[in-house]
Amino acid sequence: MDMRILFLISYFVARLSLSFSASGELNSFESVPDLEKSMYTVVDGYPCVRLLNLSGEIGCSNPGHAKVAAPVVKFKNVNHLVESSAILVSVDEFESLCTRLSKDTNFASLVAGILVESGTPVGNNFKGFSPDKKFPEAEFAPYPSKNFEWNPSGSGIIWKAYNFPVFLLSENGTLALQEVAMKNEKSKNSYTSNVAEFGLVMQTTKSGTHDSESCLREETCLPLGGYSVWSALPPMNSSISQKPKPIILTVASMDSASFFRDKSLGADSPISGLIALLAAVDALSHLDDLHLLRKQLVFVVFTGEAWGFLGSRRFLLELDQHTDAVSGLDFSLIETVMEIGSVGKSFDQGVKRLFAHTTGAASTTNQTLDALKRAQDSLKTENVKISTASESNPGIPPSSLMMFLRKNPQSPGVVVEDFDTAFTNKFYHSHLDNLANISPSAVVAASSLIARSLYILASEKKGIDDSVLSAVAVNTSLVDELLGCLLDCEPGLSCDLVKHYISPSTACPSHYVGVVQGEPSSSPYLGYVGDISRFLWNFLADKTSIPSKNTSASCPKDCSGVGELCIRGESDGKGVCVVSSTRYVPAYSTRLKFESDTWKLLPLNSSDIIGAADPVWTESNWDTITLRVYTIQHSSYDRLILLLGIAVTVLAYLAIVITRSFIRKALKQD
């Protein structure tokens, strides 16, 4: 009898469910993914990840082995936390939040994660946002004044370790999380909460390897690094009989840094300088008398400079060891170094004002300054002005040239920047250093100045007419195109210029250095070389090349002549053979060696001052990184439901027993 009643109840519930489904009042799910989609909202964002060095770790990670979920609250609405929470914060409040976390341990212990809203802060009170130090990479400076403030906006928060996840939200993600925080604010007394779930589990955290030496040994991390690129204009003559020319080395950087790994654009610092270099190479490549130049022009673009000058230090080591990566180059032949730094913010009351930070032998440096002044005079319509930086500066600003000075304190060189005594870029090493932070015309002016200066220096002609220098003309359309390709998602790396040379792996550019995969080589497997490095190699090889004599050669199989390279092989599957002196140079810590498929930390050489300052940066491995939001019921409500369920079950059982007893009595009376 009991079983019949239970069966009737079950049948009634099943019929009721079917009737709801038929009437469309309940959603039907055909699969588990459909159910998950209705329950969870995936949020787009850019994570802060865990980085390590020889002395410890920085960056962000979940505290344990599992995902973390917590209700979302707005920072400006919170004076104190009563439970573990995910903090939604605007960019202009982010720095003050990080400061509070370092001072208020009770508050910090209840922070499950931080969600930073997208957008550029506005208002007179916002003085800038730079998570780097006030003197970036001061430990590598070739002078004792380590407390000089090149970067007044610097807070240093990027160099701290955070044992909770931090994400920068996309525009859509910001709107979604603002709505979630508002719902939580309105339903404080409700039995549900809207939570953010962070999947930022780092392998180094799981394995307990908290420095570079241990994580490399346990293979839970990889070294930061990539591939620098250098190219000679015109291609170097490999003839032994011909005396090599003195080298004018022009330098720029391709990598930047940010609190958020994949949002490192670095528009002013350093990509404006990179674009100025590329446009200068293009302008010089159209000249007919390059073979008559008395000095050899060599251009090098380093990567890893934001992380201990990985590219320039490795480049100098490769020069010392005379490896294939730098074949044809000799440090003793480098007459001067001209570095193009931040040049995208040079506007000052209508004048594009640049500053030359000088070092080394006075005679050579003066020649470079004279060439810059002569180039300035030939650019009357550009309204560009170059000035020598203030003598009150302790030395040159943070730059690759510092590494050349560490190798030879007398190395002559000039760093061209858009600032004198302090960065004009208030967003140095920040995700806010984007395309809106620079002026295209400033980049064109800097490129024109550099190109003409290099021609003057390399030709060694005195009294060059303006009519001759006017032939060194920068293509403004190329500058605009490069800005769109390297600093924006539309078109980004999907632009025609980039796709003319390579097949990019993604559209949105990021100039984070990344990690070294596989064995470093001067002829690397291209799958291990980043999009930016591959594009630069092809672009520079093309612009600095001369046509191959074998025009019918298929690429790359028959590009076997002296100095021949295959360019554009990715874009059309065929490529073109050209003669060019363009090489990849591995960029990674000089304290590391790749051996037997693993990375080994080399012992410190007491005579190597630069090596002693090398932090040996690595990045933790991870499986997947996720961020999503969903609604949960409070545990107190769950306990109440459980108690009600037990009560209902007991009452139902008592009702069945009483009903059965009543029915039996009624049947006996009949």
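Read-outs throughout are calculated quantities, based only on the coordinates presented, and are distinct from any laboratory measurement. This structure is a prediction, so every number in the text was calculated from the model and none was measured. For neighbour counting, all protein chains shown are included, and Cβ atoms are generated from backbone atoms with ideal geometry for every residue, glycine included.
What to note about this one:
- Low-density loop positions, GluC sites (Glu not before Pro), segment 67-101 - DSSP coil, at most 15 other Cβ in 10 Å: Glu83
- Percent of beta bridges antiparallel (DSSP, the chain, rounded to nearest 5): 60
- Cα gyration tensor, segment 404-451 - rounded (a/c under 1.5), prolate or oblate: oblate
- FRET efficiency, Ser596 to Val648 (Cβ-Cβ, R0 56 Å, nearest 0.05): 0.25
- Label-to-label distance, nm, for residues given as Ser571 and His500 (7 Å Cα→Cβ offset): 0.6
- Gyration tensor verdict on segment 404-550 (Cα atoms; rounded if a/c is under 1.5, prolate if a/b is larger than b/c, oblate otherwise): rounded
- Legend note: in the chain, cysteines whose Cβ sits 4.7 Å or more from every other cysteine Cβ are Cys98.
- Violating pairs (Cα-Cα greater than 19 angstrom) within the set Lys134/Lys426; Lys295/Lys461; Lys67/Lys183; Lys263/Lys426: Lys67/Lys183
- Near the amide H of Leu293, within less than 5 Å, lie no amide hydrogens of residues on another chain or at least 5 residues away, with H placed in the peptide plane.
- Working from label points 7 Å from Cα in the Cα-to-Cβ sense, the Asn366 to Arg100 distance is 5.9 nm.
- Within the shell of other residues whose beta carbon sits under 11 angstrom from the beta carbon of Ser90, the net charge comes to -2, with Lys and Arg scored +1 and Asp and Glu -1.
- Between the C-alpha center of segment 184-212 and that of segment 300-374 there is a gap of 45 Å.
- As a rough footprinting exposure proxy, the listed residues Lys263, Lys243 were ranked by other beta carbons within 10 Å of their own, and the order from fewest upward is Lys243, Lys263.
- Restricting the trypsin sites (Lys or Arg not before Pro) of segment 430-474 to loop positions (DSSP other than H, G, I, E, B) with no more than 15 neighbouring Cβ atoms within 10 Å leaves Lys461, Lys462.
- Look at where the Cα atoms of segment 553-625 and of segment 448-484 average out, and the two centres are 31 Å apart.
- The mean sequence separation of alpha-carbon pairs under 8 Å and at least six residues apart, normalised by the residue count of the chain, gives a relative contact order of 20 percent.
- For Arg50, Arg353, Arg314, order by how many other beta-carbon atoms lie within 10 Å, fewest first: Arg353, Arg314, Arg50
- Entry note, segment 54-158: relative contact order of 23 percent, from Cα contacts under 8 Å with a spacing of 6+ residues.
- Between the labelled values (1) 1.12; (2) 1.29; (3) 1.05, the entry that holds Rg/Rh (Cα atoms, Kirkwood Rh) as derived from this structure is (1).
- Using the Cβ-Cβ distance between Phe107 and Leu667 with R0 set to 51 Å, the FRET efficiency works out to roughly 0.15.
- Residue-averaged [θ]222 nm for the chain, counting only DSSP H segments that reach four residues, each worth -39500 (n - 2.57): -10000 deg cm²/dmol
- The modelled label-to-label distance between Glu149 and Ala471, using points 7 Å beyond Cα along the C-beta direction, is 5.0 nm.
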